[in-house]
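Participant: The structure under discussion is supplied below as structure tokens; questions concerning it will follow.
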Amino acid sequence: MRIRFLAILGFPVVLCAQEPLKTDTRPINSFESEPTGITTKDASYATTTEGASDGARALHLTFRTPAPYPAVIFDFDTPQDFRGYGGLAFDVYNPGPNMVAFNTRIDSSTEADGSGNHSRTGRGSIDGGQRATYVIPFGTDPSTLKVKALPGFGAFRSVGSLGKGPFDLSHVVNWQVFLNLPADNRDLIIDNVRLVPGHKEDFSNLVDKYGQYTRETWPGKVTGDQDFAAQSAEEDRDLAAHPVAKDRDIYGGWASGPKLDATGFFRVAKHDDKWTFVDPEGRLFLSFGPTCIGTTDVTTIKGREELFNGLPADDPALKAATTADGVDFLKANLIRKYGSDFTKPWLDRSYIRLLSWGFNTIAAFSSWGSIGNGRVPYTLTVWPSGKHARVTWGTGYVRGMDDPFDPQFAADVAAAVEGQAKRAKDDPFCIGYFVGNEEAWGYHKNDPASHYGLAIGALKAEAKASPAKRAILQQLQEKYRDISALNAAWETSFASWSAMEAPVSLPGILRPKVIADLSAFLSLYAETYFRTVNEAIKQADPNHLYLGCRFAGYSPEVLAAAAKHCDVLSFNIYRDKLSTTEWAILDAYDKPVLIGEFHFGSTDRGVFDTGLFAAADQKSRGVSYDAYIRSVLAHPKFVGAHWFQYADQPATGRAMDGENAGIGFVSITDTPHQEFIDSVRKTNAEIYSYRFQK
């Protein structure tokens, strides 16, 4: 993409085109003749008359599981110049009964990598039997405004356009539709692919004093401070009509179900060959609830002042919620709604909400003030900080991976656990401890560079500065003894073992014997890590569970060590639902499994991104939630799922990374998304009967 930076609205904006905006609609393909230039990956296509929106024919796409990213790719004969247009639009019909979450990608080079270099990606979803028009927008790059997504335009559903690397809109080579680890085969019908006219973008005064998008209205949008009292009264009536489910004990366990041995604290056990938590009273307990109950999503104002130029300078709530660089709109709205001492009344209402909605857990990343309340069980999240060494490799990870071979790591994790155990070790409402989140373990379904990334990263380090590097060298020396034996196995020419103390880079294609050694080290790494963490937890708090590390990526070597030392394995699983094929990898381990994060977001309440899995609206979110939870309950190893997160993110993006998704149960004004909640409440009421009596 040819770009230039202009000082518009007081901050840099990337323009995708330097030419006048196009006013025409340019057809790309309506599939009236047999299509050409299409390639597939674990997918197929065929022309059809079903679902046609322009002419008599459309294109039926079928995506197959268990492929991780089945795709249909539309190549152009020659690179296309899309400058001046507003976006690439296409009509979609879902011929099946279930929601389909899909992704898009557009490339400006054959060197595109799907991670932002010469490519832009997007996300969408469509309910069963539904028709809709989607657009890949060509406007301002959201990252230049420090957000993940910007408002859509017209009647189109925007899939967004994510990516920070180079992109040339005058040299587009292909676009594609793909799915992310579908649980089942999925079908979509597309038609009328076209470029739509360009449109002028204006991001001034984007949100009002409540942090709400100024250019749309929706049910529950606050128009003045008087709305808070009216909304509270309406919600009071709903909560009174829907108290906690009758079959729940004080912990949210199954009061009318079997009673096992009570230990006074949470534990795990099998009942009827299905794993379950057991609550302190001995009742079966499945853990469901939201993360992030707290006021921490500050949005940055500094450097983006024009987005907020409608904010009143003398608003006391905004002043109280303002930081050096931004404002916490949720906090400001809680002050307006509950008063300056909002924490207790807001949390009291939140506890009542959770129980009324059928939840029984305050999950990770929630504030200290929200836990230990004697009303709702909770999990704790431990972050080992300090000066211990870390192994850095790959891209996309927030931080390097803890180096468990550094003795300082054991001291740091023990100190971190002890700090939280002082408050929780005698509390029966504490379920247990997560340690870390989405750590850099790599992913075995990607290429070997990802699977063995930690071992490769250790080899690239200087031995004198890296305990992990010294550990892998020791393991190799113990196996091969002489450097010549390693050279013969690896087909290398190291002069001596000391020569390997310098950074070692492996070739792109790894030989089988090299892979075997990297695998052995990955097993040693994981064994050392999980044993160290488990020992720290059991030393500081023998009463509570080690809930794992909330895997995003994983491998068999790592899972084996985690299963040995964790009480519960945990994964953040963003899918439409669980796939028995994907999670057959758990068959090797007789351990309970907890989902640390999942969600379905929508953009129908004034927030611009859908999060990692999209839904069309609040009703669709409820349908997706129900399908996901039932797939969790149907799997005998899974013992719960935690939703990310309690409240919507700011429309103008959280300061940390610009995330601005409509993924909450309540809005930024603490307004419940009632249509979604009504559906969630019905699903949650059946978790025990569905799990144990089906």
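The values are calculated or read from the model by the stated rules, or taken from the named source; none is laboratory data. Keep in mind it's a predicted model, so treat the numbers as computed, not measured. We place every Cβ from the backbone using ideal geometry, glycine too, and count neighbours over all the protein chains shown.
Participant: Any residue that is assigned to a strand (DSSP E or B) and crowded, with 23+ Cβ neighbours inside 10 Å - is there at least one of those in region 90-98?
Facilitator: Yes; the residues of region 90-98 include at least one that is assigned to a strand (DSSP E or B) and crowded, with 23+ Cβ neighbours inside 10 Å.
Participant: Here is a check on your reading of the model: is A46 part of a strand (DSSP E or B) and at pLDDT 95 or above?
Facilitator: Values: part of a strand (DSSP E or B): yes; at pLDDT 95 or above: yes.
For A46, the condition - part of a strand (DSSP E or B) and at pLDDT 95 or above - is met.
Participant: While we're here: Being within 30 Å of A317 (Cβ to Cβ) and either polar (S, T, N, Q) or in a loop (DSSP other than H, G, I, E, B) (or both) is true for just one of G198, G252, G224, G257. Which residue is that?
Facilitator: G224
Participant: Can you list residue pairs whose Cβ atoms sit under 7 Å apart, with the first residue in region 263-274 being over 20 Å from Y378 (Cβ atoms) and assigned by TED's automatic domain parsing to the domain that holds G252 and the second being in a strand (DSSP E or B) and of a type outside the set (G, A, S)? Count only pairs 6 or more apart in sequence or on different chains.
Facilitator: A269/T276; A269/V278; H271/L284
Participant: Would you confirm whether any residue within region 522-530 is free of Cβ contacts under 8 Å to residues at least 40 places away in the same chain and surrounded by fewer than 19 Cβ atoms within 10 Å (Cβ to Cβ)?
Facilitator: Checking region 522-530: at least one residue is free of Cβ contacts under 8 Å to residues at least 40 places away in the same chain and surrounded by fewer than 19 Cβ atoms within 10 Å (Cβ to Cβ).
Participant: Can you tell me how many residues within region 180-239 are more than 28 Å from the chain's Cα centre (by Cα), polar (S, T, N, Q) and surrounded by fewer than 15 Cβ atoms within 10 Å (Cβ to Cβ)?
Facilitator: Count: 3.
Participant: Take region 451-502 and flag every residue that is among the hydroxyl-bearing types (S, T, Y) and surrounded by fewer than 20 Cβ atoms within 10 Å (Cβ to Cβ).
Facilitator: Y480, S484, T492, S493, S496, S498
So that you can scan it fast, the table gives a plain yes or no per residue for (1) surrounded by fewer than 24 Cβ atoms within 10 Å (Cβ to Cβ); (2) in contact (Cβ under 8 Å) with a residue 24 or more places away in the chain; (3) in contact with a strand residue (DSSP E or B) (Cβ under 7 Å, 6 or more places away or on another chain); (4) assigned by TED's automatic domain parsing to the domain that holds G289:
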| position | (1), (2), (3), (4) |
| --- | --- |
| A616 | yes, yes, yes, yes |
| Y625 | yes, yes, no, yes |
| K637 | yes, yes, yes, yes |
| W643 | no, yes, yes, yes |
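Participant: On to the next question. Sort out for me the helices (runs of 4 or more DSSP H) sitting completely within region 421-515 that have 3 or more residues that are in contact (Cβ under 8 Å) with a residue 24 or more places away in the chain and among the charged types (D, E, K, R). Working first, answer last.
Facilitator: Numbers: elements: 448-451, 453-460, 467-480, 483-490.
The qualifying helices (runs of 4 or more DSSP H) are 467-480.
Participant: Continuing with this model, one more query. Criterion first (closer than 30 Å to T580 by Cα, in the same structural domain as T144 (by TED's automatic domain parsing) and at pLDDT 95 or above) does F74 satisfy it? Steps first, please.
Facilitator: Details: closer than 30 Å to T580 by Cα: no; in the same structural domain as T144 (by TED's automatic domain parsing): yes; at pLDDT 95 or above: yes.
Answer is no for this residue.
Participant: I'm trying to understand the selection: among the residues of region 128-156, which are crowded, with 20+ Cβ neighbours inside 10 Å and farther than 16 Å from A651 by Cα?
Facilitator: Once the filter is applied, which keeps residues that are crowded, with 20+ Cβ neighbours inside 10 Å and farther than 16 Å from A651 by Cα, region 128-156 yields Y134, V135, I136, P137, F138, G139.
Participant: Related question: I need the full set of residues from region 1-39 which are assigned to a strand (DSSP E or B) and either touching an Asp or Glu at 6+ places or on another chain (Cβ under 9 Å) or at pLDDT below 95 (or both), in order please.
Facilitator: Just the residues of region 1-39 that are assigned to a strand (DSSP E or B), to begin with: 5-8, 11-14, 26-29, 38-39.
Selection gives F5, L6, A7, I8, F11, P12, V13, V14, P27, N29, I38, T39.
Participant: Looking for something in contact with a helix residue (DSSP H, G or I) (Cβ under 7 Å, 6 or more places away or on another chain), small (G, A, S) and closer than 20 Å to C566 by Cβ - is there at least one such residue anywhere in region 377-388?
Facilitator: Of the residues in region 377-388, the ones in contact with a helix residue (DSSP H, G or I) (Cβ under 7 Å, 6 or more places away or on another chain) are 380, 382-388.
Next, only the ones that are small (G, A, S) stay: 385-386.
Applying the additional criterion that residues be closer than 20 Å to C566 by Cβ yields none.
Checked against the condition, which is being in contact with a helix residue (DSSP H, G or I) (Cβ under 7 Å, 6 or more places away or on another chain), small (G, A, S) and closer than 20 Å to C566 by Cβ, region 377-388 yields no hits at all.
Participant: Return the residues of region 334-349 that are without any contact (Cβ under 8 Å) to a residue 12 or more places away in the chain, in contact with a Lys or Arg (Cβ under 9 Å, 6 or more places away or on another chain) and within 18 Å of Y210 (Cβ to Cβ); say none if nothing qualifies.
Facilitator: Within region 334-349, Y338, F342 meet the criteria.
Participant: I'd like to check something: does region 233-249 contain any residue that is of a type in the set (A, V, I, L, M, F, W, C), in a strand (DSSP E or B) and on the phi < 0 side of the Ramachandran plot? Please lay out each step first, then the result.
Facilitator: Restricting attention to region 233-249, the residues satisfying the condition of being of a type in the set (A, V, I, L, M, F, W, C) are 233, 239-241, 244-245.
Still in the list and also in a strand (DSSP E or B): none.
Checking region 233-249: not a single residue is of a type in the set (A, V, I, L, M, F, W, C), in a strand (DSSP E or B) and on the phi < 0 side of the Ramachandran plot.
Participant: Does region 409-431 hold any residues that are within 15 Å of E535 (Cβ to Cβ) and either surrounded by fewer than 16 Cβ atoms within 10 Å (Cβ to Cβ) or small (G, A, S) (or both), and which are they?
Facilitator: Looking only at region 409-431, we keep the residues that are within 15 Å of E535 (Cβ to Cβ), and these are 409-418, 421.
Across region 409-431, the qualifying residues are A410, A411, A414, A415, A416, A421.
Participant: Tell me which residues, restricted to region 313-345, are surrounded by fewer than 24 Cβ atoms within 10 Å (Cβ to Cβ) and of a type in the set (F, W, Y).
Facilitator: Within region 313-345, Y338, F342 qualify.
Participant: Scanning for something of a type in the set (S, T, Y) and more than 23 Å from the chain's Cα centre (by Cα), does region 459-466 turn up at least one residue? Steps first, please.
Facilitator: Step one: filter region 459-466 for residues of a type in the set (S, T, Y), giving 466.
Subsequent filtering for residues that are more than 23 Å from the chain's Cα centre (by Cα) retains 466.
Among the residues of region 459-466, at least one is of a type in the set (S, T, Y) and more than 23 Å from the chain's Cα centre (by Cα), which makes the answer yes.
Participant: Right, next: Give the residues of region 153-187 that are in a strand (DSSP E or B) and closer than 21 Å to R131 by Cα, sorted by residue number. Please lay out each step first, then the result.
Facilitator: Initial filter on region 153-187 (in a strand (DSSP E or B)): 157-158, 162, 172-178, 186-187.
Hits for region 153-187 are R157, S158, W175, Q176, V177, F178, R186, D187.
Participant: Do we have any residue at all in region 315-326 that's assigned to a strand (DSSP E or B) and either under 29 Å from the mean Cα position of the chain (by Cα) or not small (G, A, S) (or both)?
Facilitator: To start, the set of residues in region 315-326 that are assigned to a strand (DSSP E or B) comprises 322, 326.
Filter again for either under 29 Å from the mean Cα position of the chain (by Cα) or not small (G, A, S) (or both), leaving 322, 326.
Scanning region 315-326 turns up at least one residue that is assigned to a strand (DSSP E or B) and either under 29 Å from the mean Cα position of the chain (by Cα) or not small (G, A, S) (or both).
Participant: Restrict the check to region 526-546 and report whether at least one residue is in contact with a strand residue (DSSP E or B) (Cβ under 7 Å, 6 or more places away or on another chain), among the hydrophobic types (A, V, I, L, M, F, W, C), modelled with pLDDT of 95 or more and part of a loop (DSSP other than H, G, I, E, B).
Facilitator: No, the conditions are met nowhere in region 526-546.
So that you can scan it fast, the table gives a plain yes or no per residue for (1) within 19 Å of K274 (Cα to Cα); (2) among the hydroxyl-bearing types (S, T, Y):
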residue: S602; (1), (2): no, yes
residue: R605; (1), (2): no, no
residue: D609; (1), (2): no, no
residue: Q618; (1), (2): no, no
residue: H635; (1), (2): yes, no
residue: Y646; (1), (2): no, yes
residue: I663; (1), (2): no, no
residue: Q693; (1), (2): yes, no
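Participant: For region 619-664, which positions are among the polar types (S, T, N, Q) and over 18 Å from Y574 (Cα atoms)? Working first, answer last.
Facilitator: Our first condition is that a residue be among the polar types (S, T, N, Q); within region 619-664, this holds for 620, 624, 631, 645, 649, 652, 660.
T652, the sole residue that qualifies.
Participant: Taking region 193-232, which residues are on the phi > 0 side of the Ramachandran plot and among the polar types (S, T, N, Q)?
Facilitator: N205
Participant: Hey, does region 284-295 have a residue that's more than 28 Å from W346 (Cβ to Cβ), modelled with pLDDT of 95 or more and surrounded by 23 or more Cβ atoms within 10 Å (Cβ to Cβ)? Walk me through it before giving the result.
Facilitator: First, the residues of region 284-295 that are more than 28 Å from W346 (Cβ to Cβ): 284.
Filter again for modelled with pLDDT of 95 or more, leaving 284.
From the residues that got through so far, the ones that are surrounded by 23 or more Cβ atoms within 10 Å (Cβ to Cβ) too are 284.
Scanning region 284-295 turns up at least one residue that is more than 28 Å from W346 (Cβ to Cβ), modelled with pLDDT of 95 or more and surrounded by 23 or more Cβ atoms within 10 Å (Cβ to Cβ).
Participant: Among the residues of region 123-145, how many are free of Cβ contacts under 8 Å to residues at least 60 places away in the same chain and among the acidic types (D, E)?
Facilitator: 0
Participant: Could I ask something else about it? Quick test of your reading of the structure: L162 fulfils all but one of (1) more than 22 Å from the chain's Cα centre (by Cα); (2) surrounded by fewer than 22 Cβ atoms within 10 Å (Cβ to Cβ); (3) modelled with pLDDT under 95. Name the failing condition by number.
Facilitator: With (1) more than 22 Å from the chain's Cα centre (by Cα); (2) surrounded by fewer than 22 Cβ atoms within 10 Å (Cβ to Cβ); (3) modelled with pLDDT under 95 applied to L162, the lone miss is (1).
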